[in-house]
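Here's the structure, in structure tokens; my notes come after.
The values are calculated or read from the model by the stated rules, or taken from the named source; none is laboratory data. None of the values given here were measured: they were computed from a predicted structure. Cβ placement follows ideal geometry from the backbone for every residue including glycine, while neighbour counts extend to all protein chains displayed. Just the protein is used for accessible areas: all its heavy atoms, side chains included, with ligands, DNA and RNA removed. Shrake-Rupley method; radii C 1.70, N 1.55, O 1.52, S 1.80 Å.
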Amino acid sequence: MKIHEYQGKQLFQKYGVPVPFGIAAMTAEEAIAAIPKVQQESGGQVVVVKAQIHAGGRGKGGGVKVAKDTAAAEAAVKAIYGMTLVTHQTGPEGKKVQRLLVEQGLAIEHEYYLGMLLDRATGKVTVMASREGGMDIEEVAASHPEKILREPIDPATGWCDYQSRKLAKALGMSGKHASALGKFMPALTKCYEEMDCSLLEINPLITTKDGRVLALDAKINFDDNAMYRHPELEALRDPNEEEASEIEAKKWDLSYVALEGNIGCMVNGAGLAMSTMDIINFYGGKPANFLDVGGGATAEKVTAAFKIITSDPGVKAIFVNIFGGIMKCDTIAAGVIAAVKEVGLEVPLVVRLEGTNVELGKKMLAESKLNIVAAADMADGAQKVVAAAKGGHS
Amino acid sequence: MSVLVGHDTKLVVQGMSGAAGAFHAKQMVEYGTRVVAGVTPGKGGAKVAGLEQVPMYDTVEEAVTHTGANTSVVYVPPPFAADSILEAAAAGIRLIIAITEGIPARDMVKVKYVLDRDYKGVILVGPNCPGVITPGQCKVGIMPGYIHKAGGVGVVSRSGTLTYEIVHQLTALGLGQSTAIGIGGDPVKGTDFIDALQWFAEDSGTSSIFMIGEIGGDSEERAAQFIKENIKKPVAAFIGGQTAPPGKRMGHAGAIISGGKGAASDKIAALLAAGIAVSPTPAEMGKTLAKVLSAAT
């Protein structure tokens with residue numbers, strides 16, 4: 001699960017990670033009203049207006065503006081609020097800005113990069129930092145990997161003070177900045193651990209001329225598997241950041257991603273679901289979605305999944321590709337039959353069943369008298385559904 | 001011959017009184033697996049319907065003491081699964097196969113750390129995996145047993161359902177399997193490709209290997225290098241997610257930590273460079289290995 005920068009910064013504050021003073025606004029009016037409050041609190045005129053969308057690359061896309069005075073700040077709010085922000089992470093259609101963060105401007109001395117995530121290769125959460133902060137960190141990683149310091153966290157001790165000192169040296173921080181980093185890092189790593197983060201990124205981390213170290217940005221993702229430990233995070237979801245179908249899928253604990261194509265897919269297992277997309281592409285079709293119903297799905301869940309697929313008006317044919325292990329084929333059959341009875345079936349449906357209770361599942365589908373195209377195997381099913389989506393088969 | 005599980009396996013089922021645990025325990029018994037005990041805290045001495053012959057215990061330690069169990073399979077729900085894995089290790093179980101899907105990464109970081117530190121001889125397979133099967137001898141996990149056939153192909157896979165797919169294809173082609181190992185797709189897991197490849201290399205009953213990888217991480221790339229340097233037996237592979245849309249990546253940090261690796265194209269290139277045949281679609285995995293084998297003879 002992802003959250004906005006302002007929500008991330010509020011979480012940082014709770015853990016004692018220093019961030020600039022700022023006020024989040026849900027409307028342009030709120031943002032304009034926030035300007036004098038931010039100026040008063042910071043004792044300066046300069047404010048920064050930042051678009052709050054989940055995608056990165058906001059600065060380059062024109063979603064972040066530094067304003068020297070109130071008039072410029074108001075103009076920035078008017079320019080950014082409601083704009084469709086296009087960045088390399090939003091896709092060409094962009095994202096409409098519906099939330100803003102109005103923040104104090106700071107006298108930045110240097111910008112750094114700081115990231116935290118789990119390193120699959122070592123099985124340890126790892127802090128990555130670089131003196132080369134700012135927007136082009138991926139380029140730095142590719143061309144000068146030696147400029148990125150990696151510090152793994154020992155699961156038994158957690159982050160150690162010596163690691164903060166090591167980090168300060170590597171980043172070229174000394175004096176007040178080094179001691180500020182010595183407080184910053186334990187707070188940040190505690191936040192990552194306790195909140196079950198899966199990604200935490202500060203780009204840039206800044207030092208100021210008056211000796212402080214602050215998180216000027218906050219990008220936080222949480223481990224979806226650990227959400228049960230943090231029910232309060234549900235309130236931080238922004239429905240504008242998610243497709244309606246994806247929200248519905250989440251309710252049912254389905255792994256669903258909407259795509260551009262016209263072949264709806266219902267598959268069990270992430271690997272098979274990805275490979276089903278691969279084989280549809282191979283035979284010249286385009287999948288409309290990625291949908292993994294998971295291992296332990298009930299018939300109700302399968303029905304919900306089927307309804308999500310059919311609610312996409314772009315879907316011209318549906319491919320159900322199941323190899324049952326925990327998931328039993330009769331459960332899939334019952335779910336599909338119930339869904340079709342409830343919402344009807346306007347497009348061709350190709351079903352390939354294999355695995356646990358396959359005979360029972362096939363029998364149920366056959367006896368249901370639904371208009372289902374049976375597939376002998378995955379390749380057969382993929383070819384049939386691609387043909388059906390093109391209108392060459394019914 | 002085979003690896004990990006076989007006639008010597010004496011299995012304890014952790015979470016046997018739950019719906020998934022009970023269903024799959026019955027399936028394993030039917031397949032011929034020696035299921036010697038079940039464990040669910042608070043259910044010691046109880047009977048699980050359809051599994052009345054299998055004694056239930058409160059702790060894995062009791063199960064080991066009374067039945068000599070040497071392998072455990074974990075069906076415990078995610079909030080308690082990490083604890084169950086460590087309980088099995090502490091009770092002297094040598095092979096722990098964790099089926100549970102959805103264990104928080106934070107918990108698995110700790111489990112892996114403790115296993116590496118205190119239980120060097122213990123093998124963990126999973127979590128979030130279909131399990132391990134030696135056809136005709138022993139099935140531990142959730143895979144449908146009937147698709148398997150005893151033979152010489154060692155299978156190792158990051159994806160559960162794709163494991164069934166390859167096994168089904170191999171069996172249809174008359175190619176039996178020595179052992180099929182699902183290692184699971186979680187970021188923090190026990191057995192990785194290289195471990196399984198090493199076991200298959202040393203196993204006299206394994207004459208060829210099929211490996212199924214997925215996008216993300218760099219363990220397929222490392223496995224390709226390992227195969228090139230260490231494996232003399234024929235190997236074929238498939239990588240899932242060739243057409244997965246970008247955007248599932250985690251900000252900049254994901255790209256940085258793996259040094260730009262993780263795309264299907266990178267993995268396929270690494271495998272081809274190591275001389276490994278790569279199946280173009282998931283439907284041709286079996287045929288791809290069959291071709292390699294017929295070219296070798």
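Work out the FRET efficiency for A:Ala75 and A:Glu234 from their Cβ-Cβ distance, taking R0 = 45 Å, and round it to the nearest 0.05.
The computed FRET efficiency comes out at 0.80.
Can you list the aspartates and glutamates whose alpha carbon sits under 20 Å from that of B:Lys47, skipping same-chain ones fewer than 8 residues off?
Output for B:Lys47: B:Glu30, B:Asp58, B:Glu61, B:Glu62.
Compute, for A:Asp380, the solvent-accessible surface of its heavy atoms (probe 1.4 Å) with the complete set of protein chains present, and express it in square angstrom to the nearest 10.
So the heavy atoms of A:Asp380 present about 40 Å² to solvent.
What fraction of the DSSP beta bridges in chain A is antiparallel, stated in percent and rounded to the nearest 5?
If I count the DSSP bridges inside chain A, around 75 percent turn out antiparallel.
Tell me the trypsin sites (Lys or Arg not before Pro) within segment B:175-246 that lie in a loop according to DSSP and have at most 16 other beta-carbon atoms within 10 Å.
B:Lys232
Report, ordered by chain and residue number, the aspartates and glutamates lying within cross-link reach of B:Lys120, taken as a straight Cα distance under 17 Å and ignoring same-chain residues fewer than 8 apart.
B:Glu87, B:Asp192, B:Asp195
Just to make sure I understand: if all protein chains stay in place, what is the order of B:Arg94, B:Arg106, A:Arg99, A:Arg120 by accessible area at 1.4 Å, largest first?
B:Arg94, A:Arg120, B:Arg106, A:Arg99
Hey, can you grab everything whose amide H is under 5 Å from the amide H of A:Met266? Only 5+ residues off in sequence or another chain; H modelled, so Pro and N-termini drop out.
Hits under the 5 Å cutoff: A:Phe319, A:Val320, A:Asn321.
Testing the spin-label approximation: label points 7 Å from Cα along Cα→Cβ at A:Glu138 and A:Lys60. State their distance in nm.
0.8
Under a 1.4 Å probe, what is the accessible area of segment A:1-134 per residue, stated in Å²?
Normalised by residue count, the accessible surface of segment A:1-134 is 42 Å².
Would you pull out the residues with amide H under 5 Å of B:Ala46's amide H, same chain only if 5 or more places away, H placed 1.01 Å from N?
Amide H to amide H, under 5 Å and 5 or more residues apart or across chains, B:Ala46 pairs with B:Met56.
Of the heavy-atom accessible surface of segment A:21-105 (probe 1.4 angstrom), what whole percent is carbon and sulfur?
Working: 2120 of 3920 Å².
About 54 percent, which is the carbon plus sulfur part of the accessible surface.
Angle, helix A:378-389 long axis vs. longest principal axis of chain A, Cα atoms, 0 to 90°, nearest 10?
Helix A:378-389 sits at roughly 90 degrees to that axis.
Under a straight-distance cross-link criterion of Cα-Cα below 19 Å, which lysines are reachable from B:Lys233, leaving out those fewer than 8 residues away in the same chain?
B:Lys233 reaches B:Lys287, B:Lys291.
Listed here are the pairs A:Lys2/B:Lys189; A:Lys2/A:Lys124; A:Lys286/A:Lys316; A:Lys251/A:Lys307; A:Lys50/A:Lys219; A:Lys37/A:Lys209; which of them are more than 18 Å apart at the Cα?
Too far apart for the 18 Å limit: A:Lys2/B:Lys189; A:Lys2/A:Lys124; A:Lys37/A:Lys209.
To the nearest 100 Å², how much accessible surface do chains B and A hide from each other in total, with a 1.4 Å probe?
4800
Rounded to the nearest 0.05, what FRET efficiency do A:Lys68 and A:Asp377 have when you use their Cβ-Cβ distance and R0 = 60 Å?
Working: r = 66 Å, r/R0 = 1.11.
That pair, A:Lys68 with A:Asp377, gives E of 0.35.
Give me the accessible area of A:Arg58, 1.4 Å probe, in Å² rounded to the nearest 10.
For A:Arg58, solvent-accessible area is about 30 Å².
Compute the length gained on full extension between A:Arg150 and A:Ala170: take 0.36 nm times their separation in residues and subtract their Cα-Cα distance, giving the result in nm to one decimal.
Gain on stretching A:Arg150 to A:Ala170: 6.2 nm.
Among B:His168, A:His54, A:His4, what's the order by accessible area (1.4 angstrom probe), most exposed first?
Reading off the accessible areas and sorting them downward yields B:His168, A:His54, A:His4.
Placing +1 at every Lys and Arg Cβ and -1 at every Asp and Glu Cβ, with all other atoms neutral, what dipole size does the protein assembly as shown have around its Cα centre, in debye to the nearest 20?
500
What nm value, rounded to one decimal, do you get for the distance between A:Ala244 and A:Thr122 when each label is placed 7 Å out toward the C-beta?
Once both label points are built, they end up 4.7 nm from each other.
Size of the dipole of chain B about the Cα centre, Lys and Arg at +1 and Asp and Glu at -1 on the beta carbon, nothing else charged, in debye to 20?
Dipole magnitude for chain B comes out near 400 debye.
Computed from the mean reciprocal separation of all distinct C-alpha pairs, what Kirkwood hydrodynamic radius does segment A:61-132 have, in Å?
Working: mean 1/r = 0.0647 Å⁻¹.
The answer is 15.4 Å.
For the protein assembly as shown, what is the percent of antiparallel DSSP beta bridges, rounded to the nearest 5?
On the way: 53 of 105 bridges.
Antiparallel bridges: around 50 percent, rounded to the nearest 5.
Contact order normalised by length for chain B, with contacts defined as Cα pairs under 8 Å and 6 or more residues apart; what percent is it?
Relative contact order, chain B: 14 percent.
Convert 4 °C to kelvin, take the viscosity as 1.567 mPa s, use the Kirkwood radius over C-alpha pairs of the protein assembly as shown as Rh, and evaluate the Stokes-Einstein diffusion coefficient in µm²/s, rounded to a whole number. If you can, show how the numbers build up before the last one.
Working: Rh = 26.9 Å.
Result for D is 48 µm²/s.
For chain A, rounded, prolate or oblate, judged on the Cα gyration tensor with a ≥ b ≥ c (square roots of eigenvalues), a/c < 1.5 rounded, else prolate if a/b > b/c?
Cα axes put chain A in the prolate bin.
Please give the average number of partner chain Cβ atoms lying within 10 Å of the Cβ of each residue in A:376-382, rounded to a whole number.
Going residue by residue through A:376-382 and averaging, the value is 3.
Could you give the nm distance between label points at B:Gln225 and B:Asp8, where each point is 7 Å from its Cα heading toward the beta carbon?
Taking the simple label geometry, B:Gln225 and B:Asp8 are separated by 3.3 nm.
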